[in-house]
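As structure tokens, the structure follows; a few thoughts come after it.
The values are calculated or read from the model by the stated rules, or taken from the named source; none is laboratory data. For clarity, every value in this text was computed on a predicted model and none was experimentally measured. Positions of Cβ are generated from backbone atoms using ideal geometry, with glycine treated the same way; all protein chains shown enter the neighbour counts.
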Amino acid sequence: MLKRLLICLLLLTSLVACGGNDGAQVPAPVEKTVDGVTLKLTAESPLSQNTDQTWVINVSQNGQPVDNADVYLDIDMPSMPMGQNKPLAKGEGNGNYRAQGIYTMGGAWSVSVFAEFAGKEYQATFDVNVPE
Ligand SMILES: [Cu+2]
């Protein structure tokens with residue numbers, strides 16, 4: 001029992017020491033509703049700096065999927081300008097749009113989802129803490 005615990009501790013320590021992505025978790029989905037339009041952001045990649053990230057954005061209006069929107073993300077750090085980082089999302093049907101991008105360093109990021117359709121733009125911003 002104790003031996004097993006020690007092995008677990010050793011494994012944990014080595015993961016941290018390597019700074020590897022092995023312990024990185026895929027964040028839980030987040031969503032916000034603005035003027036009847038719900039923007040849901042689902043990350044598909046473990047949250048990690050300088051690693052390709054894939055997101056699925058779901059757009060719905062009063063519970064109905066919206067498939068004709070222009071959707072993109074704006075990824076930046078509130079504490080410093082990190083340069084333009086605005087991946088476009090590609091529609092996949094059922095209100096889903098897929099985008100790919102990267103966090104270029106660890107720390108506090110904000111991910112804004114933009115969806116434009118029927119002449120209106122909807123925005124939801126989420127805080128993301130990327131492990132260093
Ligand atoms: Cu930065």
Among (1) loosely packed, with under 13 Cβ neighbours inside 10 Å; (2) modelled with pLDDT of 95 or more, which single condition is S60 missing? (1)
Any chance the stretch 82-89 includes a residue that's part of a strand (DSSP E or B), more than 13 Å from the chain's Cα centre (by Cα), over 23 Å from G23 (Cβ atoms) and not hydrophobic (A, V, I, L, M, F, W, C)? no
Residues satisfying the stated conditions in the stretch 46-78, i.e. out of contact with any Gly (no Cβ under 7 Å at 6 or more places or on another chain) and within 16 Å of the ligand (Cβ to nearest atom): L47, S48, N50, T51, D74, D76, P78
If you take the residues in the stretch 82-107 that are exposed (fewer than 14 other Cβ atoms within 10 Å of the Cβ) and more than 21 Å from K40 (Cβ to Cβ), which one is nearest to the ligand (Cβ to nearest atom)? M105
I'd like the residue in the stretch 108-126 that is small (G, A, S), surrounded by fewer than 18 Cβ atoms within 10 Å (Cβ to Cβ) and under 25 Å from Q25 (Cβ atoms) and, out of all such residues, is farthest from the ligand (Cβ to nearest atom). S112
I'd like the full set of residues that are in a loop (DSSP other than H, G, I, E, B) and either polar (S, T, N, Q) or exposed (fewer than 13 other Cβ atoms within 10 Å of the Cβ) (or both), limited to the stretch 63-77. G63, N68
Per the list (1) exposed (fewer than 14 other Cβ atoms within 10 Å of the Cβ); (2) in a loop (DSSP other than H, G, I, E, B), residue check on N129 breaks on (2)
